[in-house]
Amino acid sequence: METFDPTELPELLKLYYRRLFPYSQYYRWLNYGGVIKNYFQHREFSFTLKDDIYIRYQSFNNQSDLEKEMQKMNPYKIDIGAVYSHRPNQHNTVKLGAFQAQEKELVFDIDMTDYDDVRRCCSSADICPKCWTLMTMAIRIIDRALKEDFGFKHRLWVYSGRRGVHCWVCDESVRKLSSAVRSGIVEYLSLVKGGQDIKKKVHLSEKIHPFIRKSINIIKKYFEEYALVNQDILENKESWDKILALVPETIHDELQQRFQKSHNSLQRWEHLKKVASRYQNNIKNDKYGPWLEWEIMLQYCFPRLDINVSKGINHLLKSPFSVHPKTGRISVPIDLQKVDQFDPFTVPTISFICRELDAISTNEEEKEENEAESDVKHRTRDYKKTSLAPYVKVFEHFLENLDKSRKGELLKKSDLQKDF
């Protein structure tokens, strides 16, 4: 993938919003079948423009209104907020206290920087294939719980464009949840607790909850290659001392000796498992299973969620198909069937897809202007000619499922009325 030059962004965004942004699918998503009156019209959008100019409480009547405004403003970043009691662009005319956030998708934000204490390859905004596995495990663990433990059907996972992933849970009942219920869901999904000063961040209780067991089963599939080979978490004394801080002091000396005689992280991990299991058998307690080993696995691999993003109904989150201004990468949906194959480094940049478009259609624009062809038709074909196409397809598949379940609900309601 070619390098992206941020100075080109203003020109590239003009082309992107004019010819490549998937407006019809985007509107189809946020309009939710037009079932609830004014649902789209009461939605807040916020735009970040060049030089960090930030405009909140934007709202639009329809798809065409949204398109015009986006093509006029060419935002560097688009955030989506809640559906309010009134049109957000008229919030100043509503009497104080009456303008309230009423609904929003349940959202999750997982950012690689929150793992800086446990990844050894990169820090802050940097990512590489060695640490991206953390995001793969996070998607698998959180998505399984949302689907199986909570029964949520419509989950859209999106790459942030730089160093993380977002999830939008779009079921109708979920969009109505109160802040307190959202907090409860995030609390259920959180295990790693404590700030920088707290060394041991995972404490398992005597009875291991099925959610934790299932999460550990997912981590086990990745742990050896991710933690022991790629991250090499027991490579040297400095790195293994961090892990010894997570186990009882009474076994430190024996582990130090065994670690020094071993050649690599794989061997040291085997020693740790043996010594920990002997320790657990010797002490009288009700804990069962290799919980010491599990606590380490969870601290190094379990998803770390930004709780505030999820619990606030009026919290803004970066929109799918927004462009990351630093990397130029498009914030694209992730295919849940291919989570393990998803590679953030092959996600197209805005410069790449604009060049693809230029290469294919150098003379097309003049031709089509002469033929007075409709802009919508023209654009529908345009994104399909670029590397953005497969990601729009993933989005469309998500929308089809939303449509199906909406039709199913409507049928159920009409059948119930007939029975009545």
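For the residues 332, 339, 309, the requirement of being open to solvent by less than 30 Å² (accessible area, probe 1.4 Å), among the β-branched types (Val, Ile, Thr), within 24 Å of residue 227 (Cα to Cα) and under 15 Å from the mean Cα position of the chain (by Cα) singles out 339.
Specify the residue that is surrounded by the most Cβ atoms within 10 Å (Cβ to Cβ); the eligible residues are those in segment 209-224 that are among the aliphatic types (A, V, I, L, M) and over 20 Å from the mean Cα position of the chain (by Cα). Step by step, filter segment 209-224, then rank; the result is 216.
Only one entry of 44, 11, 67 meets the criterion of being in contact (Cβ under 8 Å) with a residue 60 or more places away in the chain and of a type in the set (Asp, Glu), and that entry is 44. I'm told residue 70 meets every condition in (1) of a type in the set (A, V, I, L, M, F, W, C); (2) at pLDDT 95 or above; (3) more than 29 Å from residue 186 (Cα to Cα); (4) not in a helix (DSSP H, G or I) except one. Can you identify the failing condition by its number? Every condition holds for residue 70 apart from (4). Based on what the data block shows, is residue 207 of a type outside the set (Phe, Trp, Tyr), at pLDDT 95 or above and either assigned by the TED database to the domain that holds residue 107 or out of contact with any Leu (no Cβ under 9 Å at 6 or more places or on another chain) (or both)? No: the conditions fail for residue 207. The conditions of being modelled with pLDDT of 95 or more, more than 30 Å from residue 6 (Cβ to Cβ) and touching a strand residue (DSSP E or B) at 6+ places or on another chain (Cβ under 8 Å) are met by residue 106.
Summed over segment 181-199, residues that are in a loop (DSSP other than H, G, I, E, B) and either open to solvent by less than 70 Å² (accessible area, probe 1.4 Å) or among the hydroxyl-bearing types (Ser, Thr, Tyr) (or both) total 6. Would you confirm, using the coordinates I've provided, whether residue 45 is outside any helix (DSSP H, G or I) and under 24 Å from residue 401 (Cα atoms)? Considered against the rule, which asks whether it is outside any helix (DSSP H, G or I) and under 24 Å from residue 401 (Cα atoms), residue 45 comes out as no.
Filtered by the rule that a residue be without any contact (Cβ under 8 Å) to a residue 60 or more places away in the chain and over 30 Å from residue 30 (Cα atoms), segment 168-199 gives 193, 194, 195, 197, 198, 199.
Being closer than 22 Å to residue 112 by Cα, modelled with pLDDT of 95 or more and either in contact with a strand residue (DSSP E or B) (Cβ under 9 Å, 6 or more places away or on another chain) or not polar (S, T, N, Q) (or both) is the requirement here; does residue 326 meet it?
Criteria not met by residue 326.
The set of residues in segment 144-159 that are under 16 Å from residue 303 (Cα atoms) and in contact (Cβ under 8 Å) with a residue 40 or more places away in the chain comprises 144, 145, 157, 158, 159.
State all residues of segment 248-291 that are under 25 Å from residue 133 (Cα atoms) and either open to solvent by 60 Å² or more (accessible area, probe 1.4 Å) or without any contact (Cβ under 8 Å) to a residue 60 or more places away in the chain (or both); if no residue qualifies, say none.
The answer is 263, 264, 265, 266, 267, 268, 269, 270, 271, 272, 273, 290.
Among the conditions (1) open to solvent by less than 60 Å² (accessible area, probe 1.4 Å); (2) in a loop (DSSP other than H, G, I, E, B); (3) of a type outside the set (Phe, Trp, Tyr), the only one that residue 86 does not satisfy is (1).
Look at residue 206 and say whether it is more than 34 Å from the chain's Cα centre (by Cα) and over 25 Å from residue 130 (Cβ atoms).
Criteria not met by residue 206.
Once segment 225-240 is narrowed to residues that are part of a helix (DSSP H, G or I) and acidic (Asp, Glu), the residue that is surrounded by the fewest Cβ atoms within 10 Å (Cβ to Cβ) is 238. The residues on offer are 54, 26, and the sole one that is out of contact with any Cys (no Cβ under 9 Å at 6 or more places or on another chain), closer than 15 Å to residue 80 by Cα and open to solvent by 30 Å² or more (accessible area, probe 1.4 Å) is 54.
In summary, residue 144 fulfils each of the numbered conditions (1) open to solvent by 10 Å² or more (accessible area, probe 1.4 Å); (2) farther than 23 Å from residue 215 by Cβ; (3) basic (Lys, Arg) with the single exception of condition (2). Applying the set (1) free of Cβ contacts under 8 Å to residues at least 12 places away in the same chain; (2) closer than 24 Å to residue 397 by Cβ; (3) open to solvent by less than 50 Å² (accessible area, probe 1.4 Å) to residue 106 leaves exactly one unmet item: (1).
Of the numbered criteria (1) surrounded by 15 or more Cβ atoms within 10 Å (Cβ to Cβ); (2) in a helix (DSSP H, G or I); (3) touching a residue at least 24 places away in the same chain (Cβ under 8 Å); (4) not aromatic (Phe, Trp, Tyr), the one residue 202 fails is (2). Pairs linking a residue in segment 326-343 that is more than 14 Å from residue 395 (Cβ to Cβ) and in the same structural domain as residue 354 (by the TED database) to a residue that is at pLDDT below 95 and open to solvent by less than 60 Å² (accessible area, probe 1.4 Å), with Cβ atoms under 9 Å and 6 or more positions apart or on different chains, are 326/4; 326/125; 327/4; 328/4; 329/4.
The values are calculated or read from the model by the stated rules, or taken from the named source; none is laboratory data. Bear in mind the structure is a predicted one, so any value in this text is a computation, not a measurement. All Cβ positions, even for glycine, are placed from backbone atoms using ideal geometry, and neighbour counts span all protein chains on display. Calculation scope for accessible area: heavy atoms of the full protein, side chains included, ligands and nucleic acids excluded. Shrake-Rupley method; radii C 1.70, N 1.55, O 1.52, S 1.80 Å.
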